[in-house]
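Here's the structure, in structure tokens; my notes come after.
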Amino acid sequence: MNGSGPAAGSSRAAALTLAWRFASFRSEGFPVLPVLILSVLVLVAVFANVLAPHDPEVGALGDRFRPPAWQEGGTRDHLLGTDHLGRDVLSRLVFGARVSLVVGFMAVIFAGILGTALGILSGYLGGWVDQVIMRVTDAWLALPALTFAIFLAAIVGPSAMNIVIILAAVYWTRYARVIRGEVLSLKERDFVRLAIVAGCSKRTIMRRHILPNVVNSGIVLATLMLGVVIVTEASLSFLGVGVPPPKPAWGLMLADGKKGLMAGYWWLTVLPGTCIMLLVLSANLLGDWLRVKFDPQLRQL
Amino acid sequence: MKLLELRHLSTHYVSARGARVTRAVDDVSLTVGEGETLGIVGESGSGKTTLALSLLRLLPPAARIVSGEIWFEGEDLLTKSHREMRRVRGKRIAMILQDPLASLNPLFTVGDQVAEPLRVHEGASRGSAWARARELLRAVRIAAPETRVREYPHQLSGGMRQRIVGAIAISCGPRLLIADEPTTSLDLTIQAQYLQLLRDLQRDRGLSMIFITHNLGIVARMCDHVAVMYAGRLVEAGPVARIFSSAAHPYTQALLESIPRMADGRKRLTAIDGQPPDPVALPPGCAFHPRCPKVLDRCRKEAPPEVRVAASHTSRCWLAS
Amino acid sequence: MAGPVVEALHLTKHFPVRGGFLARETAVVRAVDEVSFSIEPGRTLGLVGESGCGKTTTAKLVLLLEQPTAGMIRFEGRDLQTLDRTMLHGYRRSVQAVFQDPFASLNPRMRVDQIIAEPLVTHERLGSGEVAKRVARLLELVGLPDRSADLFPHEFSGGQRQRIAIARSLALSPKLVVLDEPVSALDVSIRAQILNLLRDLQAQLGLSYLFIAHDLAAVAHMSHTIAVMYLGRIVEIGDAATVAATPKHPYTQALFSAALPSHPGEKREEIILAGEVPSPLAPPAGCRFHPRCPHAMERCGREEPTLLREAGRLVACHLYEGVIPARS
Ligand SMILES: Nc1ncnc2c1ncn2[C@@H]1O[C@H](COP(=O)(O)OP(=O)(O)OP(=O)(O)O)[C@@H](O)[C@H]1O
Ligand SMILES: Nc1ncnc2c1ncn2[C@@H]1O[C@H](COP(=O)(O)OP(=O)(O)OP(=O)(O)O)[C@@H](O)[C@H]1O
Ligand code: SF4
Ligand code: SF4
Ligand SMILES: [Mg+2]
Ligand SMILES: [Mg+2]
């Protein structure tokens with residue numbers, strides 16, 4: 001009980017701890033690696049024009065199916081090889097990051113704004129407003145998200161902006177549910193009661209007392225949703241109802257590359273697949289960390 | 001007859017990287033005699049719970065007993081192994097906590113929980129342990145113990161739960177019972193019932209008791225001796241009647257004056273100015289000096305030693321020395 | 001103004017609760033039942049009773065946070081139900097509150113000056129300079145330093161937060177402040193500070209208080225009138241000193257005897273009640289106190305006593321009804 005740890009082992013233990021934290025499978029430590037990956041991806045997306053060595057949408061048919069530079073037959077010119085139309089894979093991945101992130105962030109933000117607003121209205125006003133919003137939410141959540149998204153995409157047709165709208169329309173309910181729950185408990189807090197006693201209107205209370213206190217949960221949820229949304233976007237593109245070709249989207253690259261898998265053109269699928277995985281994993285790890293940091297109660301999400 | 005004697009006990013909490021040290025219990029010495037009740041009073045964060053947990057060596061991992069001795073029935077508890085300590089806890093020293101719901105397991109019946117220490121410590125058979133459990137429930141005045149033993153904690157009221165916790169505590173016939181704010185969650189009339197029950201148990205079984213509270217009224221009614229803690233230190237200790245009539249420490253004096261009395265009607269209270277100190281950044285010298293109405297120059301620099309004011313009455317104040 | 005600031009007449013609040021598996025049967029919790037009292041200008045009404053007896057619900061009714069099931073509240077002689085919007089606004093201005101938990105009462109995302117100024121900016125059109133001046137004056141009134149205005153609540157201790165809550169409640173110069181256990185969550189050494197502050201403010205500003213607490217000594221110390229509640233009903237109400245010195249209702253007697261002495265020499269007759277507080281879902285028939293009452297008579301299980309004048313206060317107990325009528 002009152003002994004101190006053996007001093008000799010402690011520096012090695014510290015190094016191990018650091019490594020462990022770095023891998024960030026532990027929720028207490030700041031997730032260094034995921035944040036690093038996310039920042040790199042964001043930078044790549046922002047500076048895609050500068051970083052990409054080639055035009056991602058134009059290829060030379062003579063250069064089809066070139067393997068990555070380190071493999072036999074690869075050239076320095078196309079570091080990560082080329083696809084079936086001779087387009088540079090590295091450039092397509094770089095611009096694909098832009099598409100994925102822009103679509104992902106915008107969808108998450110739109111869904112967040114819509115879901116948070118409806119969640120607050122539903123939770124604070126109660127009564128029939130709550131009934132209506134929650135019935136719609138239940139119906140929404142009963143539908144399989146991907147099927148629903150495909151259905152919507154088939155109706156409105158493919159375009160990057162439409163994808164954003166579809167994803168927001170599919171996923172706002174997740175926010176509405178969680179935020180409503182938070183509001184229900186917040187509503188019973190004394191400072192909200194005192195605001196009523198002070199004569200504040202419902203609108204003021206929702207804006208000044210409820211909203212700022214659910215923003216944290218909204219951000220946590222958005223980070224966790226980012227992964228889901230990006231996977232859905234990739235799936236839609238893969239299925240041909242997402243970002244229309246020739247735009248470089250990772251899901252689209254996967255779809256194009258899958259035929260070449262048998263022929264040994266692994267880089268056409270493995271590379272975009274890895275990018276998707278890294279992005280989703282990083283977003284989830286960061287979201288998990290934020291969740292525990294901001295609100296341990298959200299754990300049972 | 002001394003049952004328990006603490007000598008210069010200090011328990012500190014050390015934060016994760018050792019950056020912050022909270023001296024939760026600092027150089028505390030006190031004694032509890034056979035059959036006596038000692039009240040420990042002090043405001044929130046003054047170290048009362050930490051002191052009690054130190055006695056049982058049940059501290060959270062961040063805590064360290066950095067020095068001192070704990071003599072109980074002629075043995076120093078700090079030299080005992082964890083195995084030996086387990087035999088002391090529950091059997092020879094028992095504890096009642098503030099929140100009865102948190103100390104009972106919602107998944108087991110009342111009978112199971114009262115019988116458990118008997119089976120663990122005394123190896124009693126299930127049948128005899130349950131029979132004893134029913135007796136214990138009767139001893140803590142629970143009506144119809146035959147049916148209550150088969151119920152779960154959530155089926156009982158707060159007052160009954162606290163009695164069950166009391167029954168568990170006395171089940172192995174401990175010599176010392178530590179009660180950490182056992183009535184805070186109870187209603188006034190239920191609290192009166194419970195206090196009377198504790199007093200009766202103590203008389204019938206010759207128990208010694210440490211009663212932790214911040215209610216001076218409970219001390220006045222329940223205790224023989226009182227120890228006043230402030231910022232981890234024992235600032236004054238002595239017989240109850242003496243402390244209430246002629247407290248030597250300015251904090252105790254101010255505390256006694258600041259509680260409203262029924263008989264005084266609407267007379268203005270004498271309040272203690274200022275705030276309790278930040279436990280990680282205690283003021284230098286006497287920790288009470290920023291709030292002390294009688295502060296001397298010396299108090300700001302040097303911490304006062306513990307001095308004997310009268311027989312078994314000590315105070316930690318420069319005025320007393 | 002001579003009349004009472006606020007009067008409650010037969011105020012009643014029943015909460016429906018779902019019972020049973022199919023959530024069909026509804027029972028009612030009689031949280032507050034036919035409660036009447038009045039609060040005069042500059043005076044304090046103390047409300048005591050055990051947990052769940054309806055004190056907070058009464059406070060919420062007065063604060064219009066709950067709609068009464070029956071009965072009425074009169075504000076300066078007028079029934080609140082008949083008031084139009086602007087006059088209701090006037091009521092909101094005049095009645096403010098301080099609650100028990102200083103950590104839950106302040107929005108963690110607002111600065112202290114915003115918190116204190118909120119009632120002001122809601123009710124009055126003021127320039128930001130004027131608001132800052134008023135906030136500074138309020139902070140001074142409750143004994144907090146000026147620089148507190150720019151800080152967030154988490155930078156304060158419990159006692160300081162309670163001062164902030166009090167400053168806010170005074171922003172509109174209210175007539176009545178509802179104090180629901182304002183010191184219960186505070187440290188012993190801080191309680192006297194806040195009680196003194198409340199008393200000083202009352203003397204200075206002529207406030208009325210509805211003071212709710214568990215601590216009988218604190219209630220006796222703060223109040224001009226004491227009302228004792230048991231299971232939703234007032235069982236005794238009268239002048240504070242009189243009730244505290246010579247309680248008449250058997251429950252009040254037990255309650256005051258259970259209040260701990262402030263000195264070991266203080267000898268008091270101890271009345272230890274048997275049994276638990278019954279559930280307000282199914283209050284006992286007749287006198288609600290009869291299963292625990294040491295003086296219960298056969299009649300008490302049948303007939304509910306009404307509040308009658310006895311020795312300078314009102315008591316609801318058959319013991320004080322003079323001649324007991326013959327059984328019918
Ligand atoms: N697990 C812990 N880690 C670090 N510091 C702690 C821990 N537990 C308590 N402390 C600190 O130790 C000091 C004493 O705490 P303790 O719980 O003993 O006080 P107390 O007198 O029992 O207070 P209360 O009346 O509120 O129960 C406090 O300053 C507290 O902040
Ligand atoms: N919204 C509600 N729905 C149902 N029952 C309620 C509600 N609010 C209060 N009650 C019930 O009404 C009764 C009175 O509650 P109230 O909070 O007024 O008691 P109180 O006297 O303030 O108690 P305490 O001293 O514990 O604060 C309790 O039995 C409570 O369970
Ligand atoms: S030592 Fe000094 S400051 Fe401390 S209590 Fe005594 S007089 Fe006051
Ligand atoms: S009416 Fe009867 S039961 Fe009720 S308090 Fe009076 S004597 Fe007791
Ligand atoms: Mg404690
Ligand atoms: Mg209450």
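For the range A:98-171, the Cα gyration tensor yields ellipsoid semi-axes of 25, 15, 8 Å (square root of five times each eigenvalue, largest first, whole Å). When +1 charges are put on Lys and Arg Cβ atoms and -1 charges on Asp and Glu Cβ atoms, the dipole computed for the protein assembly as shown relative to its Cα centre reaches about 400 debye. A simple charge model with +1 on the Cβ of Lys and Arg, -1 on the Cβ of Asp and Glu and nothing else charged puts the dipole of the range A:28-299 at about 800 debye relative to its Cα centre. Considering every alpha-carbon pair of the protein assembly as shown, the percent of pairs per 10 Å bin, from zero through the bin containing the longest distance, is 2, 9, 15, 18, 19, 15, 10, 7, 4, 1, 0, 0.
Calculated FRET efficiency, C:SER51 to B:ASN105, Cβ-Cβ distance, R0 = 30 Å: about 0.80 to the nearest 0.05. Per the Kirkwood formula applied to alpha carbons, chain B shows a radius of gyration over Rh ratio, Rg over Rh, of 0.99. For the range C:6-241, the Kirkwood hydrodynamic radius from C-alpha pairs, put into Stokes-Einstein at 20 °C and a viscosity of 1.002 mPa s, yields a diffusion coefficient of 115 µm² per second. Based on alpha carbons, the Rg and Dmax found for the range B:189-231 are 11.3, 36 Å. Ellipticity at 222 nm from helices only: DSSP H runs of n ≥ 4 in the protein assembly as shown, each -39500 (n - 2.57), divided by the residue count, give -13500 deg cm²/dmol.
When Rg and the Kirkwood Rh are both derived from Cα coordinates, the Rg/Rh ratio for the range A:47-187 amounts to 1.22.
Interface size, chains A and B: roughly 500 Å² of accessible area buried, both sides included, 1.4 Å probe, rounded to the nearest 100. Fraction of C-alpha pairs exceeding 19 angstrom in the range C:55-161: 55 percent, rounded to a whole number. In degrees from 0 to 90, rounded to the nearest 10, what is the angle of the helix C:85-94 Cα long axis to the longest principal axis of chain C? For C:85-94 against chain C, the angle is about 90 degrees. Sorted from longest to shortest, the spans of the Cα atoms of the range B:85-228 along the three principal axes equal 43, 32, 25 Å.
Contact-buried residues of the range B:209-225, at a threshold of 30 Å² lost accessible area versus the chain by itself: B:HIS214, B:GLY217, B:ALA220, B:ARG221 (1.4 Å probe; DNA, RNA and ligands ignored). Sparsely packed loop sites in the range A:45-115 (the trypsin sites (Lys or Arg not before Pro) outside DSSP H, G, I, E and B with at most 10 other Cβ atoms within 10 Å) comprise A:ARG76.
Annotation: average projected area of the range A:150-232 is 6.6 square nanometres, based on the convex hull of Cα atoms across all directions. How tilted is helix C:188-205 with respect to the longest principal axis of chain C? Cα atoms for both, answer in degrees (0 to 90, nearest 10). Approximately 80 degrees, to the nearest ten. Here the Debye sum runs over all C-alpha atoms of the range B:46-122 as equal scatterers in vacuum, and log10 of I(q)/I(0) at q = 0.16, 0.20 Å⁻¹ comes out as -0.73, -1.05. Give me the percent of accessible area attributable to carbon and sulfur for the range A:28-299, probe 1.4 angstrom. Of the solvent-accessible surface of the range A:28-299, carbon and sulfur hold 68 percent.
Chain C and chain A together bury an accessible surface of about 1800 square angstrom, both sides counted, with a 1.4 Å probe and no ligands or nucleic acids included. Could you give the angle, 0 to 90 degrees to the nearest 10, between helix A:267-294's Cα long axis and the longest principal axis of the Cα atoms of chain A? Orientation of helix A:267-294: about 20 degrees from the principal axis. Evaluating kT/(6 pi eta Rh) at 20 °C and 1.002 mPa s, with the Kirkwood radius of the range B:202-321 over Cα pairs in the Stokes-Einstein relation, gives 137 µm² s⁻¹. On a per residue basis, the convex hull of the C-alpha atoms belonging to the range C:135-218 measures out at 93 Å³. Per residue, how much accessible area does the protein assembly as shown have with a 1.4 Å probe, in Å²? The answer is 44 Å² per residue. Applying both filters, DSSP loop and at most 14 other Cβ atoms within 10 Å, to the trypsin sites (Lys or Arg not before Pro) of the range C:1-110 gives C:ARG24.
Of all DSSP bridge pairs formed entirely within chain B, close to 60 percent run antiparallel.
Counting only DSSP beta bridges whose two residues both lie in chain C, roughly 65 percent are antiparallel. Going from the isolated chain to the complete set of protein chains, the range B:178-193 loses at least 20 Å² of heavy-atom accessible area (1.4 Å probe) at B:ASP187, B:LEU188, B:THR189, B:ILE190, B:ALA192, B:GLN193. Chains C and B together bury roughly 3800 Å² of accessible surface, counting both sides and using a 1.4 Å probe on protein heavy atoms. Rolling a 1.4 angstrom probe over chain C with all protein chains present gives an accessible area of which 52% lies on carbon and sulfur atoms.
Rounded to the nearest 5, what is the percent of antiparallel bridges among the DSSP beta bridges in the protein assembly as shown? If we restrict to bridges inside the protein assembly as shown, about 65 percent are antiparallel. Only aspartates and glutamates eight or more places from A:LYS187 in sequence, or on another chain, were considered; those with a Cα closer than 20 Å are A:ASP130, A:ASP295, C:GLU66, C:ASP101, C:GLU118, C:ASP180. Note that chain A carries a Kirkwood radius of 21.7 Å, evaluated over its alpha carbons pair by pair. Sparsely packed loop sites in the range C:251-303 (the trypsin sites (Lys or Arg not before Pro) outside DSSP H, G, I, E and B with at most 16 other Cβ atoms within 10 Å) comprise C:LYS267, C:ARG268, C:ARG302.
Applying a threshold of 31 Å to the alpha-carbon distances of C:LYS13/C:LYS133; B:LYS48/B:LYS301; B:LYS48/C:LYS175; B:LYS267/C:LYS13; A:LYS247/A:LYS293 flags C:LYS13/C:LYS133; B:LYS48/C:LYS175; B:LYS267/C:LYS13; A:LYS247/A:LYS293 as lying beyond it.
Check each residue of the range B:259-285 and keep those whose accessible area, probe 1.4 Å, is at least 50 Å² smaller with all protein chains in place than in the chain alone; give them in order of residue number. For the range B:259-285, once contacts with the other chains are taken into account, B:PRO260, B:ARG261, B:MET262, B:ARG266, B:ARG268, B:LEU269, B:GLN275 lose 50 Å² or more. For the range C:205-328, the alpha carbon positions stretch 53, 35, 31 Å along the principal axes, listed from largest to smallest.
The values are calculated or read from the model by the stated rules, or taken from the named source; none is laboratory data. Fair warning: this is a prediction, and the values are worked out from it, not measured in the lab. Glycine also receives a Cβ, built like all others from the backbone with ideal geometry; neighbour counts cover every protein chain displayed. For accessibility, only protein heavy atoms count, side chains too; no ligands or nucleic acids. Shrake-Rupley method; radii C 1.70, N 1.55, O 1.52, S 1.80 Å.
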